[in-house]
Amino acid sequence: MTAIILDGQKVANQLAEKLKIQVRHLSRTPILIIISIGNNPENKIYLDKKINRGAQLGIKIKVHHLAASTNERSVIDLIQHYNQDQLVSGIMVQLPLPEQISYYHLVRAINPLKDVDGFNEQNVGRLWNGDSNFIAPATPRGILSLLSAYDLSLKGKHTVVIGRSNLVGKPLAGLCLAKDSTVTLTHRKTTNLRKITQIADILVVAIGQAQMVDQSYVKPGAIVIDVGINTTAQGLMGDVNFSAVKEISSYITPVPKGIGPMTVISLLENVVKAQKSQELG
Ligand code: GUN
């Protein structure tokens, strides 16, 4: 068996066409503020992808750069300034953060209606409470949109996620449960990991370790989603050994052009959603 490739770039382009129409119908140009602290060269690549896609859709993205030595108070003050600015639709702080700044304090400071990352406690709580009125994190939403674009249902399926981050693993587990999937959330300390991944109908890998998942982790016919983006001496690599795993899985995402573009378009969808809910008051 050779897997069907889940083409995140193609699906993201299709979703972009739909989003462009929604943007045209808004009462004003959506504005996303990205606060970027320090000078991480990897961040620059992701920022450029967001800015380019935003420009194509009529969404203005303003990056507010701060020095790596910035203190937490100044970042919170800046967030509060943008919270008050009626023209700003969404605010996000690019991760990772320097040591002196607490992730928890920052996400708590963002107005939940402008929290396009979906990291604020109100959005996280609503996700787990089964409330439909919340903003969900971009990467998990991108994964679900990609599966949906290929008519792949989660209902009754066993989804195993490797990685328990606030960005991907944890919110993805909540979203999959809401889609009637049975979910197992695993991580670096999980014992007998292969025993668990080998029974997955859908295996999502978001662990940040290049090529970690080979054929021995995968049930023949499973759907494999690779969230990893690892910069290695050999270039950009996912968490899955693509050439080996594509021989036994039914569907698989490539890296690049898999989950990456889906994350960018999902974030911009969140910006439009945030602005719509602000327009409604
Ligand atoms: N850094 C890598 N991915 C993300 C993301 O989804 N949101 C934020 N804020 N920072 C990131």
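The values are calculated or read from the model by the stated rules, or taken from the named source; none is laboratory data. Predicted model, so just to flag it, every value in this text is computed and none were measured. Methodologically, a virtual Cβ is constructed for each residue, glycine included, from the backbone with ideal geometry; neighbour enumeration extends over all protein chains shown.
Mind listing whichever residues of region 218-238 are crowded, with 23+ Cβ neighbours inside 10 Å and either in contact with a Leu (Cβ under 8 Å, 6 or more places away or on another chain) or not hydrophobic (A, V, I, L, M, F, W, C) (or both)? Once the filter is applied, which keeps residues that are crowded, with 23+ Cβ neighbours inside 10 Å and either in contact with a Leu (Cβ under 8 Å, 6 or more places away or on another chain) or not hydrophobic (A, V, I, L, M, F, W, C) (or both), region 218-238 yields 218, 222, 223, 224, 225, 226, 228, 238. For region 149-160, the condition holds for no residue, the condition being that it is in contact (Cβ under 8 Å) with a residue 40 or more places away in the chain and within 13 Å of the chain's Cα centre (by Cα). Test residue 152 against the criterion of being among the hydrophobic types (A, V, I, L, M, F, W, C) and either in a helix (DSSP H, G or I) or modelled with pLDDT under 95 (or both), and give yes or no. Spelling it out, it is not the case that residue 152 is among the hydrophobic types (A, V, I, L, M, F, W, C) and either in a helix (DSSP H, G or I) or modelled with pLDDT under 95 (or both). Against the numbered list (1) within 15 Å of the ligand (Cβ to nearest atom); (2) under 28 Å from residue 253 (Cβ atoms), residue 153 comes up short only at (1). Only one of the numbered conditions (1) within 15 Å of the ligand (Cβ to nearest atom); (2) small (Gly, Ala, Ser); (3) on the phi < 0 side of the Ramachandran plot is violated by residue 38, and that is (3).
Taking region 248-271 as the range and being closer than 18 Å to residue 4 by Cβ and among the β-branched types (Val, Ile, Thr) as the test, the residues that pass are 248, 252, 253, 255, 259. Report, by residue number, each residue of region 100-130 that is within 16 Å of the ligand (Cβ to nearest atom), in a loop (DSSP other than H, G, I, E, B) and under 20 Å from residue 69 (Cβ atoms). Residues satisfying the conditions are 101, 102. Within region 213-245, the residues that satisfy the criterion of being without any contact (Cβ under 8 Å) to a residue 12 or more places away in the chain and among the polar types (S, T, N, Q) are 234, 243. I'd like to check something: does region 70-77 contain any residue that is among the charged types (D, E, K, R) and without any contact (Cβ under 8 Å) to a residue 12 or more places away in the chain? Yes, the conditions are met somewhere in region 70-77.
One line per residue, one yes/no per condition, for (1) closer than 28 Å to residue 259 by Cα; (2) out of contact with any Leu (no Cβ under 9 Å at 6 or more places or on another chain); (3) acidic (Asp, Glu):
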residue	(1), (2), (3)
20	yes, no, no
39	yes, yes, no
48	yes, yes, yes
54	yes, no, no
63	yes, no, no
72	no, no, yes
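The residues in region 233-281 that are away from the ligand (no atom under 16 Å from the Cβ), assigned to a helix (DSSP H, G or I) and among the hydrophobic types (A, V, I, L, M, F, W, C) can be counted, and the count is 5.
For region 140-149, the count of residues that are surrounded by fewer than 20 Cβ atoms within 10 Å (Cβ to Cβ) and not in a helix (DSSP H, G or I) is zero. Given the condition away from the ligand (no atom under 16 Å from the Cβ), modelled with pLDDT of 95 or more and either part of a helix (DSSP H, G or I) or not polar (S, T, N, Q) (or both), answer yes or no: does some residue in region 165-172 qualify? No: zero hits.
Conditions tested, residue by residue: (1) more than 16 Å from the chain's Cα centre (by Cα); (2) crowded, with 16+ Cβ neighbours inside 10 Å.
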site	(1), (2)
180	yes, no
211	yes, yes
216	yes, no
251	yes, yes
267	no, yes
